[in-house]
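Enquirer: For reference, the structure I am asking about is given below.
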Amino acid sequence: KRPPASILFIFGGSGDLNYRKLTPALYNLFLDEWMPDNFAIAGIGRSSYSNEEYHGHLLDGITKFSRRKGEQNGHWKDFSQHVSYLQMDGDDAAAYHKITDLVKEKEAEWGQHPNVIFYLAVAPQLVPSIATKLGALNLCSDVHCTRIVVEKPFGHDLKSAHELNALLSSMFKEEQIFRIDHYLGKETVQNILALRFANALFEPIWNRNYIDHIQITAAESVGLEGRGGYFENSGALRDMVQNHILQILCMVAMEAPVSFDANEIRNKKVDVLNAIRRITPDKVGEHAVRGQYSKGWKKGEEVVGYREEKGVNPESAIDTFAAAKFYIDNWRWQGVPIYVRTGKYLNQKATHITLQFKSAPHNAFPSESADTWHSNKLTISIQPEMDISIRFQVKRPGQTMTLDPVDMTFSYDTEADHAPEAYETLLLDAMEGDATLFMRGDQVEAAWKVIMPILEHWESHKPADFPNYTPDSWGPEAADKLIAQEGHTWINVP
Ligand code: BG6
């Protein structure tokens, strides 16, 4: 069923996120016949574009970044008729009548009151000012039809996230606020819930009795991609761990929900965040590692070090790599280390979760037959491969009792062309008003609480060894030492 009539106002309409992700996602929804019968999209920005120029710019983004490129048999023309550009400065309260004018115009044209969705794809410092002006439009009192989508990063730390939540909730009800984390829209991330809670097979062993440790890797092979200015105010821990990685961790570790109600799922996730053991300042060194890339070679090309990137302080202490060890203090997970890591310019793009099971309680096989330590593991690959794989031991055919590990794999890859992109799923949910895959205010703050001790420690102790890893590696040596403390090693390629 298609969502009801909707108008999307995209602040940051001339920006990179809209160009690479949002418009391609909306166009794919259109091609798949998911867009409402009546819809309008208005890109808002300060740059000057005629509608025609704006369409050309967006089509260029689709040609470069969409899962379906270019025109698609004239469908682009149909789609672009729904798209307009509003040149306005988000700081100029007097310009906001352009928004109400468009809503009124569409209301009259369609003969119905549409959903109005404000998508804030703008730098975080602009969010409070835009949100305040939107709040002042009398459109926003309509709880069921008006929504605001706020991109990450949501705040810069716990305090600013708390303030932003307070500001937003002074103008919007919680059910109108959609805090986006695009990882939650990824097919394989959503599949974690199906795997865990639609099968009776896994849940009985999904706990400290059977699981030795968990690893979550979100490695990127790209560098800064021109985002030096943003990254200097962020760093890998803020950019990836506070949101994407902790959200994945919640899906892996949460208790079974009673229903798929948005608040039920989010309650279960927030329980996980609240149960993550706080890292005390004296233990940050044992629990977290930061890294920054040097100059080096990436795919045969020479690349500059982080400190030489455009927009970056030549003495920058910002992390382009972060790894941490967490514990969840509850019945299910007590004592099970959860290792997470992420970084720019790593050896490969690879996002995956591994649950390493304990070894068999007794090894009756000849000692030379196999290394049983790593025998049982379950891996959920999120990207670029999209699969779920279970490793177990089998006997190698032949006259000796020699064991070999084999993988049983379910792969989404053959379906990949049809799999919607994360932003498609999330934009559709926003139009439908389903907040299940969006973060609630308390969840975002709980996630900040988890990383604040690390952030504070890093900010008050300058790194002595930066840069400490080369492009194309798997990050600093200290990350290997972090996981080795309990005899574990990172799984780079599952
Ligand atoms: C974004 C981060 O949220 O996620 C980027 O700001 C990062 O730095 C990106 O590159 C990774 O997303 P994906 O979907 O390519 O894994």
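Enquirer: Whole Å is fine, so just give me how far the alpha carbon centre of the range 109-123 lies from that of the range 161-197.
Expert: 19 Å
Enquirer: With n ≥ 4 as the cut-off for DSSP H runs, can you work out [θ] at 222 nm for the chain, using -39500 (n - 2.57) per run divided by the number of residues, rounded to the nearest 500?
Expert: When only DSSP H runs of four or more count, the value is -9000 deg cm²/dmol.
Enquirer: Using a 1.4 Å probe and counting only protein heavy atoms, arrange D239, D142 so the residue with the most accessible area comes first. All intermediate terms of the calculation are to be shown ahead of the outcome.
Expert: Numbers: D239 5, D142 45 Å².
Greatest to least solvent exposure: D142, D239.
Enquirer: Also, I was wondering about something else. Report Rg/Rh for the chain, rounded to two decimals, where Rg is the Cα radius of gyration and Rh the Kirkwood radius.
Expert: 0.99
Enquirer: Report, to the nearest 10°, how far helix 422-432 tilts away from the longest principal axis of the Cα atoms in the chain, using its own Cα long axis and a range of 0 to 90°.
Expert: Approximately 50 degrees, to the nearest 10.
Enquirer: In cubic angstrom, how much convex hull volume per residue do the alpha carbon atoms of the range 282-366 span?
Expert: In the range 282-366, the Cα hull volume divided by residue count equals 192 Å³.
Enquirer: Can you give the net charge of the other residues whose Cβ lies under 12 Å from the Cβ of A479, counting K and R as +1 and D and E as -1?
Expert: Surrounding charge for A479 is +1.
Enquirer: Would you mind checking which residues have amide H under 5 Å from I10's amide H? H placed 1.01 Å from N; only 5 or more apart, or other chain.
Expert: Sorted by chain and number, the residues that satisfy this are A42, G43, I44, Y119.
Enquirer: Please give the FRET efficiency for K104 paired with L193, using the beta carbon to beta carbon distance and R0 = 45 Å, rounded to the nearest 0.05.
Expert: Values: r = 41 Å, r/R0 = 0.90.
About 0.65, to the nearest 0.05.
Enquirer: Right, something else. For the range 387-451, with all protein chains present and a 1.4 Å probe, just round the carbon and sulfur fraction of the accessible area to a whole percent.
Expert: Within the range 387-451, the accessible surface is 54 percent carbon and sulfur.
Enquirer: For Cα pairs less than 8 Å apart in space and 6+ apart in sequence, what is the mean separation divided by the residue count of the range 6-86, i.e. the relative contact order in percent? Present the calculation step by step, with values, prior to reporting the outcome.
Expert: Working: 106 pairs, mean separation 33.0, N = 81.
41 percent.
Enquirer: Can you list the HN-Hα couplings for the range 265-270, worked out from phi with the Karplus curve (6.51, -1.76, 1.60; θ = phi - 60°), rounded to whole Hz and with x for Gly and Pro?
Expert: So the J values, rounded to whole Hz, are 4, 6, 4, 5, 6, 5.
Enquirer: Okay, moving on. Report, to the nearest 10°, how far helix 441-460 tilts away from the longest principal axis of the Cα atoms in the chain, using its own Cα long axis and a range of 0 to 90°.
Expert: On a 0 to 90 degree scale, this one is about 60.
Enquirer: Taking Cα atoms of the range 362-494, Rg/Rh with Kirkwood Rh, to two decimals?
Expert: When Rh is taken as the Kirkwood radius, the ratio is 1.08.
Enquirer: Another question, if that's okay. May I ask you to derive the FRET efficiency for K395 and F202 from their Cβ-Cβ distance with R0 = 35 Å, giving the value to the nearest 0.05?
Expert: Between K395 and F202 the formula returns 0.90.
Enquirer: Looking at the range 441-494 from every direction and averaging, what is the projected area of its Cα convex hull in nm²?
Expert: Values: hull surface 24.0 nm².
So the mean shadow area of the Cα hull is 6.0 nm².
Enquirer: Follow-up. What is the spread of the Cα atoms of the range 216-360 along each of their three principal axes, largest first, in whole Å?
Expert: 51, 36, 32
Enquirer: Please report the spacing between the Cα centers of the range 21-60 and the range 248-320 in Å, no decimals.
Expert: Using only Cα atoms to place each centre, the spacing works out to 32 Å.
Enquirer: After finding the eigenvalues of the alpha carbon gyration tensor for the range 206-264, what semi-axes result from the square roots of 5 times each, listed largest first in whole Å?
Expert: 31, 17, 9
Enquirer: Give the average over all directions of the projected area of the C-alpha convex hull of the range 121-248, one decimal, in nm².
Expert: 10.9 nm²
Enquirer: Taking R0 as 22 Å, what's the FRET efficiency between A256 and R278 from their Cβ-Cβ distance, rounded to 0.05?
Expert: Rounded to the nearest 0.05, the efficiency is 0.30.
Enquirer: Continuing with the same structure: Compute the angle between helix 51-65 and the longest alpha-carbon principal axis of the chain, please, reported from 0 to 90 degrees and rounded to the nearest 10.
Expert: 10 degrees
Enquirer: Considering the Cα trace of the range 1-55, what is its radius of gyration and what is Dmax, both in angstroms?
Expert: Just the Cα atoms of the range 1-55 yield Rg and Dmax of 11.8, 37 Å.
Enquirer: Using the heavy atoms of the protein chains alone and a 1.4 angstrom probe, what is the accessible area of the range 303-344 per residue in square angstrom?
Expert: Here the per-residue accessible area is 37 Å².
The values are calculated or read from the model by the stated rules, or taken from the named source; none is laboratory data. Remember, predicted model here, so these are calculated numbers, not experimental data. We place every Cβ from the backbone using ideal geometry, glycine too, and count neighbours over all the protein chains shown. These area figures cover heavy atoms from the full protein model, side chains too; ligands, DNA and RNA do not enter into them. Shrake-Rupley method; radii C 1.70, N 1.55, O 1.52, S 1.80 Å.
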